[in-house]
Amino acid sequence: MSTDETITAAFSEDSPFRPGPGAQEQTRQFVLPLVVRIERTAPPARTDALQTAARAVLVLLSDERSVGDGPWAQAVRDWQDTRIRKVVRRARGAEWRRAEALPGITVTGETAEVRVYPPVPLDGWPKDLARLQVSGTDLDDPEPPAGPDPDLPVLWLNPHLEMSAGKAMAQVGHGAQLTWWELSDAQRAAWRDAGFPLAVRTADPARWDALASAGLPLVRDAGYTEIAPGSCTVVADHPALRRGRARP
């Protein structure tokens with residue numbers, strides 16, 4: 001199993017989310033690393049891990065080091081000039097401590113810890129991240145999650161697909177990123193200042209088609225692993241993006 005994921009969706013020619021190759025992709029590709037902490041005795045709950053991963057992507061995108069002349073800004077621009085790839089790996093014990101020592105940001109949930117790093121070349125991972133495994137990210141919820149607050153942004157997972165937790169973490173990260181790019185500066189600032197509250201839930205099968213056709217940000221998988229190319233994996237339902245659209 002691999003959790004190397006790419007957004008493939010229909011966007012304008014100058015969008016960083018366009019499915020075709022950008023100028024950078026002709027030479028070198030970049031990837032956004034995420035590491036989830038999974039200790040043997042205290043693994044995180046699946047839904048909390050997914051929500052924390054989505055928030056981690058948003059925290060990285062909004063961090064002052066990632067914009068303007070920040071030290072991570074060029075790496076972020078290079079990454080966005082190609083297909084938007086994310087890789088989720090797991091760590092525990094000494095592995096996690098080494099991962100935490102590298103430049104990045106650790107985001108915590110109720111039970112989960114996810115560290116996100118500035119993008120790296122696909123063939124140039126730091127050795128302490130490259131040695132981490134991508135398998136073993138199968139997580140469970142001790143209890144079914146409650147229905148989401150209607151005022152929260154919700155990343156809806158496709159109920160017709162089976163995905164490992166690691167793959168789903170990458171997918172909801174894509175959904176969060178697509179949402180970020182559709183929001184205005186004022187909407188982004190409000191979301192950031194609130195701490196990026198959001199929920200991840202699996203959609204009711206009877207509602208999925210309406211969600212997927214509502215004009216909201218929609219993630220289509222590149223098909224490298226687990227599911228078929230072009231599969232719709234996540235719909236990002238942010239309250240600010242519902243205005244002017246029929247509620248699915």
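Brief remarks on what is shown
- Calculated P(r) tail over 29 Å for the chain, as whole % of Cα pairs: 23 percent
- For Thr111, the residues 5 or more places off, or on other chains, whose built amide H falls under 5 Å of its own are Ala45.
- 3J(HN,Hα) from dihedral phi, the range 190-206, Karplus parametrisation 6.51/-1.76/1.60, rounded to Hz, x for glycine, proline: 5, 5, 4, 5, 7, x, 6, x, 6, 10, 10, 9, 8, 5, 5, x, 6
- The base-10 log of I(q)/I(0) for the range 34-179, evaluated at q = 0.14, 0.15, 0.17, 0.22 Å⁻¹, reads -0.66, -0.76, -0.98, -1.57 [Debye formula, identical scatterers on Cα atoms, solvent excluded].
- Under 5 Å between amide hydrogens, built in the peptide plane, is the criterion, and for Ala199 it picks out Val154, Leu155 among residues at least 5 positions away or on other chains.
- Listed peptides 104-111, 84-91, 187-194, 167-174 appear in the order 167-174, 84-91, 104-111, 187-194 once ranked by packing, highest mean of other Cβ atoms within 10 Å at the front.
- Charges were assigned to the Cβ only: +1 to each Lys and Arg, -1 to each Asp and Glu. The resulting dipole of the chain about its Cα centre is roughly 260 debye.
- In the chain, helical runs assigned H by DSSP with n ≥ 4 each contribute -39500 (n - 2.57); averaged across all residues and rounded to the nearest 500, the mean residue ellipticity at 222 nm is -9000 deg cm²/dmol.
- Whole-Hz ³J(HN,Hα) from phi, Karplus 6.51 cos²θ - 1.76 cosθ + 1.60, for the range 140-145, glycine and proline x: 10, 9, x, 9, x, x
- Placing unit charges on the Cβ atoms only, positive for Lys and Arg and negative for Asp and Glu, gives the range 90-187 a dipole magnitude near 640 debye about its Cα centre.
- Scattering profile of the range 30-103 at q = 0.19 Å⁻¹ [log10 I(q)/I(0), Debye over alpha-carbon scatterers]: -0.90
- Of all DSSP beta bridges in the range 4-242, antiparallel share, percent nearest 5: 70 percent
Readers should treat all values here as calculations from the given coordinates under stated rules, not as data from a laboratory. Predicted model, so just to flag it, every value in this text is computed and none were measured. Don't worry about glycine lacking a Cβ; one is built from the backbone with ideal geometry, like all the others, and counts go over all protein chains shown.
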